[in-house]
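Notes follow the structure.
Each reported figure results from applying straightforward, stated rules to the coordinates on display, with no laboratory input. These numbers were taken from a predicted model, which means no experiment stands behind them. Reconstructed Cβ throughout: ideal geometry from the backbone, glycine too, with neighbour counts over all protein chains shown.
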Amino acid sequence: KNEVEQSPQNLTAQEGEFITINCSYSVGISALHWLQQHPGGGIVSLFMLSSGKKKHGRLIATINIQEKHSSLHITASHPRDSAVYICAVHNTDKLIFGTGTRLQVFP
Amino acid sequence: EAQVTQNPRYLITVTGKKLTVTCSQNMNHEYMSWYRQDPGLGLRQIYYSMNVEVTDKGDVPEGYKVSRKEKRNFPLILESPSPNQTSLYFCASSSEGLAGPSPWGEQFFGPGTRLTVL
């Protein structure tokens, strides 16, 4: 079993829908990262958090340390949100990455 | 513009022919890393560097070498590439975590290098 699991693996949505991507982990962590990988391959850091909730524009990331679970929400989704979203956790001296959730938003 | 650059972006080579992928950052970050990304496996760390002349192995270091002679540069060297090193490679730099300087803080990624070894 992977130490970082994301669900769903693939997700399609209509423009305007509310999106939730989940990340569960089985190790102790110092922080959790959400990354966005565009179709062209480039990776951008979205959030780094260790508790509570963070918001940036239409993106919201939450984490529940007790349940070892984080969610990434996208409100009012747009076709430009189409990308692979990757969860990663900081465990002792390394980052452990999930395999990503591929999101496609259709007009 | 703050950025991490990698060269080349695409490379097709043959087994055993030594190659170097360059990585440079202009953000004065202390920490730099190399990752490889393979379908179904996600990103895995190859090597990382805490500072000039300080490097350490990640999860998949076999077959790779790195050096950090200057703060801004962190080249990845494949001395005898093999087909199982065909992958998408990313260089990244970082400076701050949630509790201060950390190699595991916010990662700034380069654009990626797609390597094919025949």
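Key figures
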read-out: Some residue of region B:63-74 being within 14 Å of chain A (Cβ to nearest Cβ), buried (at least 20 other Cβ atoms within 10 Å of the Cβ) and either in contact (Cβ under 8 Å) with a residue 40 or more places away in the chain or assigned to a strand (DSSP E or B) (or both); value: no
read-out: Out of A:Ser77, A:Ser51, sole residue that is of a type outside the set (Val, Ile, Thr), surrounded by 15 or more Cβ atoms within 10 Å (Cβ to Cβ), touching a strand residue (DSSP E or B) at 6+ places or on another chain (Cβ under 7 Å) and over 26 Å from B:Phe90 (Cα atoms); value: A:Ser77
read-out: Residue count, region A:23-66 (criterion: touching a residue at least 60 places away in the same chain (Cβ under 8 Å) and farther than 29 Å from B:Thr5 by Cα); value: 5
read-out: Candidate set from region B:1-26 (those that are in contact with a strand residue (DSSP E or B) (Cβ under 6 Å, 6 or more places away or on another chain) and hydrophobic (A, V, I, L, M, F, W, C)); member that is nearest to B:Gly63 (Cα to Cα); value: B:Leu19
read-out: Filtered residues of region A:81-103 (kept if of a type in the set (A, V, I, L, M) and over 22 Å from A:Gly28 (Cβ atoms)); value: A:Ala83, A:Val84, A:Leu103
read-out: Residues of region B:29-61 satisfying the condition of being within 18 Å of B:Pro83 (Cα to Cα), surrounded by fewer than 20 Cβ atoms within 10 Å (Cβ to Cβ) and within 9 Å of chain A (Cβ to nearest Cβ); value: B:Pro39, B:Gly40, B:Leu41, B:Arg44
read-out: One residue from B:Thr20, B:Thr86, B:Thr15 being more than 13 Å from every other protein chain (Cβ to nearest Cβ) and closer than 30 Å to A:Asn10 by Cβ; value: B:Thr86
read-out: Pick from region A:1-48, criterion under 21 Å from B:Glu96 (Cβ atoms) and aliphatic (A, V, I, L, M), ranking: surrounded by the fewest Cβ atoms within 10 Å (Cβ to Cβ); value: A:Val44
read-out: Contacts under 6 angstrom Cβ, first residue in region B:83-102 being buried (at least 17 other Cβ atoms within 10 Å of the Cβ), partner assigned to a strand (DSSP E or B) and polar (S, T, N, Q), 6 or more apart; value: B:Tyr89/B:Thr113; B:Cys91/B:Gln6; B:Ala92/B:Ser33; B:Ser93/B:Gln25
read-out: Qualifying residue in region A:83-90 (condition: out of contact with any Ser or Thr (no Cβ under 8 Å at 6 or more places or on another chain), surrounded by fewer than 18 Cβ atoms within 10 Å (Cβ to Cβ) and more than 10 Å from every other protein chain (Cβ to nearest Cβ)); value: no
